[in-house]
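To keep things clear, I will list the structure first and then write my remarks on it.
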Amino acid sequence: MSRTTWFEENVAKALADDEVRAAIDNAAIKKIEARAAAVAEIDNFEKLRDLARDIKQHAVDNIDRYLQQFIDNVKSHGGQVHLAKTAADANRIIASIARDNDLKLAVKVKSMTTEETRLNEQLAADGVRAIETDLGEFIVQLDHDRPSHIVTPIIHKNRKVVAAAMAREIGVEYTEDPETLTMHARRYLRDVFRRCDLGVSGVNFAVAETGTICICTNEGNGRLSTTRPKVHVALMGIEKVIPRMADLAVFLKILARSSTGQPITVYTSLINGPKRPADPDGPEKLHVVILDGGRRRIQQSEYRDILRCIRCGACLNACPVYRRIGGHAYGNVYPGPIGKLLAPLLNDKTYYGGLPQASSLCGLCLEVCPVRINIPDALIRLRKDQVRDKSVPRLRQFAFQWMFRVLSSPWLYRLGQKLGRLGTAPWADGEWCRKLPGPARRLTKFRDAPRPAPKPFRQLWKSEQNRESKRPARSKITSEHRE
Amino acid sequence: MDVALFVTCLTDTLAPRAGLAVVRVLRRFGCTLHFPPDQTCCGQPAYNNGFHEEAAVMGRRLIDVFEDYERVVTPSGSCAAMVVHHLPELLAADPAYAEKSRSLAARTWEFGQFLDEVLKVDMSSINVDSSRPITYHYSCHLRGIVSAERASQMVSSLGGIDYRPLEQLNQCCGFGGAFGAIYPDISNAMTSDKLDAIQRTGAEIAVVNETGCTMTIEGAARRRGGGVKFMHLAEVLAEALGLMDEQA
């Protein structure tokens, strides 16, 4: 327990950077306030959340049926479908599509699933240059960085950092003016769009009934990236499937509201197969790659509910821990409350074993989740698994076991109160301790710790009883204070 | 009206004056108080940290201790949430205790909730010292029991109060049980911001109805040099009603 973990190191680094912390905190609070305003605009939002929860849970529970229906319908539109068991499989499939079609320049629509598989690295190794076209992702890529938020990848960057990256990497004149910077990116990307031959996107929703891929973006890059290149590859996790087109309306209504506080994303692209003969534009080929990547395991476990996640990022914005430590500290592509679940469950429960404890269980994530994933409860379930698997750090396990033994027995409990009072005496400054020794020093690292009171309530109660029986009887009705 | 007090282990041990204030305020409003002496802990520390067998042991004890009382009131929203929401889930498959846990859940109230919903106390009829500005911290686990709006309204509607609303009312103070000990750095970052917000209100008194939050924020305030007085709502009410003049 005393050994510093990678997570604690990341946390210490993040907390030391006040500027980044303030940037994240401000941006996230603005988003969560925008969400509140957007949600208040419609009167049935809570019912929509119930509906979204039920639809997505039904889809997850019946995932094979809906995936098959989706696959059949994509094929009937002339699209090709590939199943990938692992992230590496997905990358290999996409790289071989590029090789087979002799594709060299890929434009990418922001996709967390391609971040999860680290697709860009695989493509680069295969001689395919992949360029991110979402402005935030473009800057992340320019700055050789990683996204720190599911929706707002550069939430951790201020405009100075962005300006420096643009000047350094694409040779434009240094400016911190957001509009000028955006125009530079736009000019750069227009040229890329003219020359690209492969478009890679994620998928927000996959409609089983129609074989439709829905992509929600704000900058129009999604539409350009999926129509301009010869080939469009869409990578999706198995949990993206929803049953009907009518269900999509529910999700479109809640996604952007929860995410950015917009009523709907600026562009909502519905894609049904590659270019048909009569179409003026569109890709010649459409490949849909469907990734398991650990999701099937989650689907078959008691954590199935977390596959409802639609990656809106609201839980990140709301989370007091995320807003303090930022996305990179989580050591995973999915940070924040949902990341504390996805990282261990998709990857490795041991490596990510410190994440489930990094929560005060304040419950704000549950309060904003559009599909009502009970994240605090799921975090407790992960902690329960650690207890079952005996992977709780030994000192912590020992401390807990003793504490529970004491709390389960009235006489040990009373003894504990007395010993706690006596035991803290050497470090006492009145009723508080400024510094405790040994493992308890963590309790006084930043704040004073209270000592057990000289007389616990149970002793006060006894004298209070005597006091009460000695006082003259008085009216028990005190109507002047009743409403 | 008979009321059994579930004082909670933290309040019993660290904030006995708040427990005493609860007793005196409830008596003032006509309740007959009982204190089953064998009570210890609701099991929440075990439950939250994944030790569910141990939590069930403590939960069953609590149910037995309070079995004979018609109403149970506790000065902690967190422990109330454990009894009202989590114990029935935890013991749902226990044939001997499933029904009993639901029964205890239905008979348990958080102190402020009890004043509001059962005793229907008119807070504006209780006058506090208007020369001492008061702010209110909403504790996270009160969610699902009393809303932040209602809970802060109860304080702000006290007679004569100079009420100073707290920014980011729904933000956690950084306590989180074992969280604060496992990740003191993150916890401290949260507590500092909370304390900043409290200090910005200019309040002299911060009402905090959760001993866990109180020890966290007050501990940080002391490290910074003090300044704010932390009190449970029951203490504020008991003082306003002249019930705390003589200590037990």
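The numbers here are math on the coordinates, done by the rules we state, and not lab data. Bear in mind the structure is a predicted one, so any value in this text is a computation, not a measurement. Cβ coordinates were reconstructed from backbone atoms using ideal geometry, including for glycine residues, and neighbour counts include every protein chain displayed.
The order of B:Val25, B:Val146, going from fewest to most other C-beta atoms within 10 Å of their C-beta, is B:Val146, B:Val25. Close amide-amide hydrogen proximity is noted between A:Phe205 and A:Cys214, each under 5 Å apart and 5 or more residues distant or on a separate chain (H modeled in the peptide plane; Pro and chain starts excluded).
Between the exposed loop cleavage positions of chain A, defined as trypsin sites (Lys or Arg not before Pro) in a non-H, G, I, E, B DSSP state with at most 11 neighbouring beta-carbon atoms within 10 angstrom, the longest gap is A:4-389. Segment A:317-361 and segment B:19-74 have their alpha-carbon centroids 33 Å apart.
What FRET efficiency comes out for A:Ala36 versus B:Asp68 if R0 is 45 angstrom and r is the Cβ-Cβ distance? Round to the nearest 0.05. Mind showing how you got there, number by number?
Values: r = 45 Å, r/R0 = 1.00.
According to the calculation, E is roughly 0.50.
With 10 angstrom as the radius, rank B:Met1, A:Met112 by how many other C-beta atoms surround their C-beta, starting from the fewest.
Ordered by Cβ neighbours within 10 Å, fewest first: B:Met1, A:Met112.
Between A:Ala22, B:Ala106, A:Pro450, the Cα set farthest toward the positive side of the dipole of the protein assembly as shown (charges on each charged residue's Cβ, about the Cα centre) is that of A:Pro450. Restricting segment B:26-112 to GluC sites (Glu not before Pro) that sit in a DSSP loop and have at most 11 other Cβ atoms within 10 Å of their own Cβ leaves B:Glu70. Is segment B:5-65 best put as rounded, prolate or oblate by its Cα gyration tensor, with a ≥ b ≥ c the root eigenvalues, rounded for a/c under 1.5, and otherwise prolate when a/b is larger than b/c, oblate when not? Note, shape of segment B:5-65 comes out prolate. In segment A:44-297, Cα pairs under 8 Å separated by at least six residues give a relative contact order of 28 percent.
Using θ = phi - 60° in the Karplus curve 6.51 cos²θ - 1.76 cosθ + 1.60, the 3J(HN,Hα) couplings for segment B:199-210 round to 5, 5, 5, x, 6, 8, 10, 10, 7, 10, 9, 7 Hz; x is entered for Gly and Pro. Couplings 3J(HN,Hα) for segment B:87-102, derived from phi with the Karplus relation 6.51 cos²θ - 1.76 cosθ + 1.60 (θ = phi - 60°), are 4, x, 5, 4, 9, 4, 9, 8, x, 7, 10, 4, 5, 4, 5, 5 Hz, where x marks Gly and Pro. When only DSSP loop residues count, what GluC sites (Glu not before Pro) in segment A:274-381 have their Cβ near at most 10 other Cβ atoms within 10 Å? Passing both the DSSP loop test and the Cβ count: A:Glu302. For a straight C-alpha distance cut-off of 16 angstrom, the lysines reachable from A:Lys390 (same-chain residues fewer than eight places away being disregarded) are A:Lys349. If I take R0 = 30 Å and measure r between the Cβ atoms of A:Lys47 and B:Ala92 in this structure, what FRET efficiency does the formula 1/(1 + (r/R0)^6) give, to the nearest 0.05? According to the calculation, E is roughly 0.65. Among the listed pairs A:Lys108/A:Lys275; A:Lys104/A:Lys230; A:Lys110/A:Lys253; A:Lys110/A:Lys285; A:Lys435/A:Lys462; A:Lys13/A:Lys340, give every one whose C-alpha distance is greater than 22 Å. Too far apart for the 22 Å limit: A:Lys435/A:Lys462. Of the GluC sites (Glu not before Pro) found in segment A:115-174, those in coil by DSSP whose Cβ has at most 10 other Cβ atoms within 10 Å are A:Glu173.
Rank A:Val128, A:Ile155, A:Cys216 by how far each Cα sits towards the positive end of the charge dipole of segment A:124-232 (+1 on Lys, Arg Cβ; -1 on Asp, Glu Cβ) and give me just the farthest. It is A:Val128.
Given an 8 Å cut-off on Cα distances and at least 6 residues of separation, report the relative contact order of segment B:124-240 as a percent.
Numbers: 179 pairs, mean separation 37.1, N = 117.
Relative contact order, segment B:124-240: 32 percent.
Taking the Cα centre of the protein assembly as shown as origin and assigning +1 to Lys and Arg Cβ atoms and -1 to Asp and Glu Cβ atoms, the resulting dipole is close to 1220 debye. Overall shape: prolate for the protein assembly as shown, with the ratio a/c of the largest to smallest alpha carbon gyration tensor axis at 1.5 or above and a/b above b/c.
Taking every DSSP beta bridge that has both ends in segment A:44-297, the antiparallel portion is near 25%. Positive end of the dipole of segment B:2-118 (Cβ unit charges, origin at the Cα centre): among B:Met82, B:Val72, B:Phe51, the Cα lying farthest that way belongs to B:Val72.
Diagonalising the gyration tensor over the Cα atoms of segment A:155-227 and scaling each eigenvalue by 5 before taking the square root yields semi-axes of 31, 15, 9 Å, largest first.
Largest first, the three principal axis extents of the alpha carbons in segment A:222-353 are 54, 32, 29 Å in whole numbers. In a reduced charge model with +1 at each Lys and Arg Cβ and -1 at each Asp and Glu Cβ, segment B:1-88 shows a dipole moment near 480 debye about its Cα centre. Each other residue within a Cβ distance under 14 Å of A:Tyr322 adds +1 if Lys or Arg and -1 if Asp or Glu, for a net charge of +3.
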